[in-house]
Amino acid sequence: MSSSELPAPTVLMARLRRDLEHVAGYGATASGGVSRTSFSGADRQVRAWLADECEQAGLALRTDGIGNVFMRLEAPGAPAGAPPVWAGSHLDSVPEGGRFDGALGSLAALEVLRRLAEEHVPLRRPVEAVVFADEEGNYHHLLGSTAVARGFAPNELGELRGRDGDQLVDALQAMGWDVGAATRTAVRPGDVHAYVELHIEQGSVLESAGARIGVVTAIVGMGGGHLEFRGRQDHAGTTPMPLRRDALRGAADLLVRLPEVARSVSENAVVTCGILHVEPGGANVVPGLARLQLDFRDPDRERILELEEAIVVAARDVADRHNLKVSYTRESITDPVPLNPRMQDLVATVAASQGMQTLRLPSGAGHDAQNVARLAPTGMIFVPSVEGRSHSPAELSTWEDIEAGANVLLAMVHALATD
């Protein structure tokens, strides 16, 4: 029997659950959620924990210039320079996020490496568990995987700021890293054999269908940018309503139009404003500036660009109505991607061999996998989210579903690393 025909080991669920529960404590909030922004104090803690776990497991660990972490299991009999199999996700969270978004895929990938090492599986190529930095886009949509897929130029890095206004280059320097190395992170196509990402669905399709494993067919495209409405700062008591140039009132007018703007482009288009900044910020002052941070998505790139233009047109109309000036700055466009058909089939085949019902579905959330798909055959495994909740302290997946997804991930990596 060849190594590729040997049965894959299974995960030690008690250990994986311990890891997930432990890591949820880094950045834990009073509401039961997690706030763990990349390069924060909580992020430093989880990085230190990862280093300790790798040392105990005999795994090599390295961090690239942008903060992506690579945990490596060598394949002693592999040809020199054999491209590794990657599995992973991210460990940063949105503010007041959940315990499983990203953490499941990252920690399950670590468990995969441990089990392959513990069972002395003869590998034909190395395996790396990858934890991508800032997937949630505090500084840039899918920052770490974008750095791997295409890299960042020095001037581009210098312009990136977080939601609190801090500069990315300052955050990297505070971590003790060489900012110049952050421009040398790109990986060439072919340098990775394949990539697999396990993730919670973050929607209710699997739960509604009674399917345990989702076979992801494609990942939605995403755009990001900010709009600024500028009016005139005035006294709240002495400036009559008809004479005001209220920037916040203009922003509010646009916000109520966004559902209509999205529907005008496609039934799948969505637009979200999750951050609104107002200046000068006094209760008795007519706002002179309102800045909206926008996230807009659609499964089709051309419709993403159409959606962006529709947002700008609506903003200009609002500005005219309220006697304001408006400006728009694009921050990023991440293309939608179909996932590799053979990787989809492998997910389905492995899950079926383990007696699990599967369902093929696209992802409405963005993932690092859509960047890695530029470099290597890529597949994604979804497990159900209870009531579809995510990006919230209410985020939940059952331990039974988590174990099922982790075992599919392990079997996939085993097959890819031994074929």
Go over the candidates R257, R249, R188, R263 one by one and state the one that is in contact with a strand residue (DSSP E or B) (Cβ under 9 Å, 6 or more places away or on another chain) and either outside the structural domain of F132 (by TED's automatic domain parsing) or not in a strand (DSSP E or B) (or both). R249
Given S390, S363, which one is in the same structural domain as P122 (by TED's automatic domain parsing), farther than 26 Å from P9 by Cα, in contact with a Gly (Cβ under 7 Å, 6 or more places away or on another chain) and hydroxyl-bearing (S, T, Y)? S390
When residues of region 187-207 are limited to those that are surrounded by fewer than 24 Cβ atoms within 10 Å (Cβ to Cβ) and closer than 15 Å to A369 by Cα, the one modelled with the lowest pLDDT: P189
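Among the candidates L396, L410, L361, single out the residue that is under 17 Å from N340 (Cα atoms) and among the aliphatic types (A, V, I, L, M). Walk me through how you get there before you give the answer.
Details: L396 fails: under 17 Å from N340 (Cα atoms); L410 fails: under 17 Å from N340 (Cα atoms).
Testing whether each residue is under 17 Å from N340 (Cα atoms) and among the aliphatic types (A, V, I, L, M) leaves just L361.
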Give all pairs with beta carbons closer than 7 Å in which a residue from region 324-346 that is under 28 Å from V286 (Cβ atoms) meets a residue that is modelled with pLDDT of 95 or more and part of a loop (DSSP other than H, G, I, E, B); count only pairs at least 6 apart in sequence or on separate chains. L324/G231; L324/R245
Those residues of region 258-268 which are closer than 9 Å to A310 by Cβ and either basic (K, R) or crowded, with 17+ Cβ neighbours inside 10 Å (or both) amount to V261, A262, V265
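Go through region 220-251 residue by residue and tally those that are surrounded by 15 or more Cβ atoms within 10 Å (Cβ to Cβ), out of contact with any helix residue (DSSP H, G or I) (no Cβ under 9 Å at 6 or more places or on another chain) and farther than 30 Å from S363 by Cα.
Start the filter on region 220-251 by keeping residues that are surrounded by 15 or more Cβ atoms within 10 Å (Cβ to Cβ), which leaves 220-234, 239, 244-251.
Within this subset, residues satisfying the condition of being out of contact with any helix residue (DSSP H, G or I) (no Cβ under 9 Å at 6 or more places or on another chain) are 224, 226, 239, 248.
Then keep just the ones that are farther than 30 Å from S363 by Cα; that gives 239, 248.
Total meeting the criteria: 2.
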Going by what's in this entry, would R297 be described as over 19 Å from the mean Cα position of the chain (by Cα) and charged (D, E, K, R)? no
Residue pairs, Cβ under 8 Å, 6 or more apart or interchain, first in region 17-37 and farther than 15 Å from V131 by Cβ and free of Cβ contacts under 8 Å to residues at least 60 places away in the same chain, second of a type outside the set (F, W, Y) and assigned to a strand (DSSP E or B). List them. A28/V34
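Go through region 292-320 and give me each residue that's in contact with an Asp or Glu (Cβ under 7 Å, 6 or more places away or on another chain) and either surrounded by 19 or more Cβ atoms within 10 Å (Cβ to Cβ) or farther than 22 Å from G137 by Cα (or both). Quick ask: steps written out before the conclusion?
Filtering region 292-320 for residues in contact with an Asp or Glu (Cβ under 7 Å, 6 or more places away or on another chain) gives 296, 301, 304, 307, 318.
Those that are in contact with an Asp or Glu (Cβ under 7 Å, 6 or more places away or on another chain) and either surrounded by 19 or more Cβ atoms within 10 Å (Cβ to Cβ) or farther than 22 Å from G137 by Cα (or both): F296, I304, L307, V318.
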Considering each of L416, L346, L375, L396 in turn, give the residue that is part of a loop (DSSP other than H, G, I, E, B), at pLDDT 95 or above and in contact with a strand residue (DSSP E or B) (Cβ under 8 Å, 6 or more places away or on another chain). L375
Pairs needed: first member in region 385-413, crowded, with 16+ Cβ neighbours inside 10 Å; second member anywhere, hydroxyl-bearing (S, T, Y) and part of a helix (DSSP H, G or I); C-beta distance under 8 Å; at least 6 residues apart or different chains. A411/S353
Can you run down the residue pairs with Cβ atoms below 6 Å, 6 or more apart or on separate chains, where the first is in region 198-221 and in contact (Cβ under 8 Å) with a residue 24 or more places away in the chain and the partner is among the polar types (S, T, N, Q) and assigned to a helix (DSSP H, G or I)? V215/Q344; I219/Q370
Heads up, the helices (runs of 4 or more DSSP H) in region 122-184 (entirely inside) with at least 2 residues that are assigned by TED's automatic domain parsing to the domain that holds P83 and over 25 Å from M222 (Cβ atoms) are 168-174
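If only one of G364, G355 is within 26 Å of V270 (Cα to Cα) and either within 15 Å of the chain's Cα centre (by Cα) or surrounded by fewer than 24 Cβ atoms within 10 Å (Cβ to Cβ) (or both), which one is it? Show your work before the answer.
Values: G355 fails: within 26 Å of V270 (Cα to Cα).
Selected residue: G364, the only one of G364, G355 that is within 26 Å of V270 (Cα to Cα) and either within 15 Å of the chain's Cα centre (by Cα) or surrounded by fewer than 24 Cβ atoms within 10 Å (Cβ to Cβ) (or both).
Can you find even one residue in region 127-143 that is of a type in the set (G, A, S) and within 30 Å of A411 (Cβ to Cβ)? Even if it seems obvious, please write down each step before you answer.
Keep residues of region 127-143 that are of a type in the set (G, A, S), which gives 129, 133, 137.
In the following step, the residues that additionally are within 30 Å of A411 (Cβ to Cβ) were identified as 129, 133.
So far as region 127-143 goes, yes, one or more of its residues are of a type in the set (G, A, S) and within 30 Å of A411 (Cβ to Cβ).
A30 - would you say it is under 28 Å from R161 (Cα atoms), of a type in the set (A, V, I, L, M), in a loop (DSSP other than H, G, I, E, B) and at pLDDT 95 or above? Reasoning before the result, please.
Details: under 28 Å from R161 (Cα atoms): yes; of a type in the set (A, V, I, L, M): yes; in a loop (DSSP other than H, G, I, E, B): yes; at pLDDT 95 or above: yes.
Yes, satisfied.
The values are calculated or read from the model by the stated rules, or taken from the named source; none is laboratory data. Here the structure is a predicted model, which is why all the values come from computation and not from measurement. Every residue, glycine as well, gets a Cβ built from its backbone with ideal geometry; the counts of neighbours run over all protein chains shown.
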